[in-house]
Ligand code: SF4
Ligand code: SF4
């Protein structure tokens, strides 16, 4: 069991009234697109998922990096308007670890500013070989800090982000 799996199995935080992943992420099994509130989501302090506890397994399994305890408390998604998660990026025939950064389309610059902006710049310096995939609605882009990774990305016609 690695650190992330351990933190997922023993969470020290709760989602509370945060529901941002139900907006920014796609859920293919129920044809929910990214960037729009799920039709099963009632937003607000007393809101929740109308399908609970029979909501899709993909939703049950999802644990964002904040919930796993990997980000500072102040970077709760509902506050910073960004959901971060570890994921896999497919480039050609290769699969590599990446950081998925889902940004609320109502705050498209949220990943560049404040503590989240500082965190992602720090992450890029510390782990340059790990691409940061910015996902905002249908729009996707990659921050590749490593020059070899940048060349690799330029050499392929497409890349694919892991979805839930
Ligand atoms: S974004 Fe993270 S903290 Fe917010 S509801 Fe989803 S899993 Fe929970
Ligand atoms: S089905 Fe429920 S948990 Fe899944 S995205 Fe919709 S509201 Fe969220």
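Values quoted throughout were computed directly from the atomic coordinates according to the rules given, and no laboratory measurement underlies them. Nothing here was measured: the structure is a model prediction, and the numbers come from that model. Note that each Cβ is placed from the backbone with ideal geometry, even for glycine, and that neighbours are counted across all protein chains shown.
Per 0.36 nm of contour for each residue apart, how much would the distance between residue 148 and residue 14 grow if the chain were fully extended, relative to their Cα-Cα spacing?
Taking residue 148 through residue 14 to full extension adds about 44.4 nm, to one decimal.
Tell me, in nm to one decimal, what length is gained between residue 109 and residue 88 on full extension, where the rule is 0.36 nm per residue of separation less the Cα-Cα distance?
Here the segment from residue 109 to residue 88 would lengthen by 5.2 nm.
Please compute the contact order of the chain in relative form: average sequence separation of alpha-carbon pairs under 8 Å and at least six residues apart, divided by the residue count, as a percent.
Answer for the chain is 22 percent.
Please report the projected area of segment 17-161's Cα convex hull averaged over all directions, in nm².
It is 9.0 nm².
Points 7 angstrom from Cα along the Cβ direction at residue 28 and residue 141: gap in nanometres?
In this crude label model, residue 28 to residue 141 measures out at 2.6 nm.
Among 15-23, 62-70, 115-123, 43-51, how do they line up from the highest to the lowest mean number of other beta-carbon atoms within 10 Å?
The packing order, highest mean first, is 62-70, 15-23, 115-123, 43-51.
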